[in-house]
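The values are calculated or read from the model by the stated rules, or taken from the named source; none is laboratory data. Here the structure is a predicted model, which means the values were calculated and not measured. Cβ coordinates were reconstructed from backbone atoms using ideal geometry, including for glycine residues, and neighbour counts include every protein chain displayed. For accessibility, only protein heavy atoms count, side chains too; no ligands or nucleic acids. Shrake-Rupley method; radii C 1.70, N 1.55, O 1.52, S 1.80 Å.
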Amino acid sequence: MKKNAFIAILVLAVIVLAANLFTGWFTLSKNDRIVEDSKHKKDSIALYTWMNRVDSTLHGKFEEKEGELIQNHVTKNYNTYVQDTLAPALNIATEKIDELTRAKFILEGQLKASKEQREKDRIYYENKYMQIVSNTADSTINYKYNAIVDVVKYNEKKWLLGPEKTYIDISSPDKNMKINGVEHFKKRIDIKPKK
């Protein structure tokens with residue numbers, strides 16, 4: 001009798017632990033998670049870039065990771081900017097930031113001068129996203145760029161029973177705008193069960 005009760009308790013414990021793997025019932029305390037997060041500093045993100053065959057736009061895709069402290073997930077320079085400039089400009093404490101993303105782009109391309117629009121000391125360059133006026137008299141350039149950046153967040157499973165991962169895709173319809181890097185932080189937020 002005792003042997004059967006012991007086996008039943010062991011089986012129940014194994015079922016509960018297996019269910020915890022999928023549902024996450026038991027988690028570390030916030031202080032334990034901060035210590036664990038500090039052990040694994042990740043200030044760089046693997047950015048996978050790919051070219052869309054339909055419209056030739058360049059996409060950058062990365063897996064979203066959650067953490068506890070901003071400084072463990074972004075570079076030191078960006079963390080300094082967030083603490084010294086961004087958070088004070090928003091009039092909030094750095095600890096109040098729940099999600100933070102900085103995408104770096106390079107804008108490069110070539111424009112031909114529009115001969116029809118030439119004036120005596122100015123040359124005009126224009127396409128769908130950019131307008132440049134070159135003043136040859138004083139060697140200055142006036143420019144205007146209409147930047148469009150698309151950010152898409154989605155969930156994906158690699159296989160039926162696999163874990164669901166969150167990905168973020170960043171792109172621009174302007175073929176001259178190429179993604180160069182990204183820094184991202186998302187705070188892990190505990191959702192307390194309703195009583």
Quiz item: Modelled label-to-label distance, residue 144 and residue 2, 7 Å Cα→beta-carbon offset: nm?
Solution: 8.8 nm
Quiz item: Mind listing the phi-derived Karplus ³J(HN,Hα) values for the range 167-180, rounded to whole Hz, using 6.51, -1.76 and 1.60 with θ = phi - 60°, and x for any glycine or proline?
Solution: 10, 10, 10, 10, 8, 9, x, 6, 5, 7, 9, 10, 6, 10
Quiz item: With each label point set 7 Å from Cα along the Cα-Cβ vector, what nm distance links residue 169 and residue 93?
Solution: 3.9 nm
Quiz item: For the range 44-161, what class follows from the C-alpha gyration tensor (a ≥ b ≥ c being the square roots of its eigenvalues): rounded when a/c is under 1.5, otherwise prolate if a/b is larger than b/c, else oblate?
Solution: oblate
Quiz item: Dipole size in debye (nearest 20) for the range 46-138 around its Cα centre, Lys and Arg Cβ +1, Asp and Glu Cβ -1?
Solution: 500 debye
Quiz item: Arranged from highest to lowest average of other beta-carbon atoms within 10 Å per residue, in what order do the peptides 176-184, 92-100 appear?
Solution: 176-184, 92-100
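Which order do you get for 185, 105 if you rank them by accessible area with a 1.4 Å probe, largest at the top? Intermediate values should be presented prior to the final figure.
Numbers: 185 0, 105 60 Å².
The residues order as 105, 185, largest area first.
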Quiz item: Can you tell which of 181, 131, 167 lies farthest toward the positive end of the dipole of the range 122-194, using +1 and -1 charges on the Cβ of basic and acidic side chains (Lys, Arg; Asp, Glu)?
Solution: 167
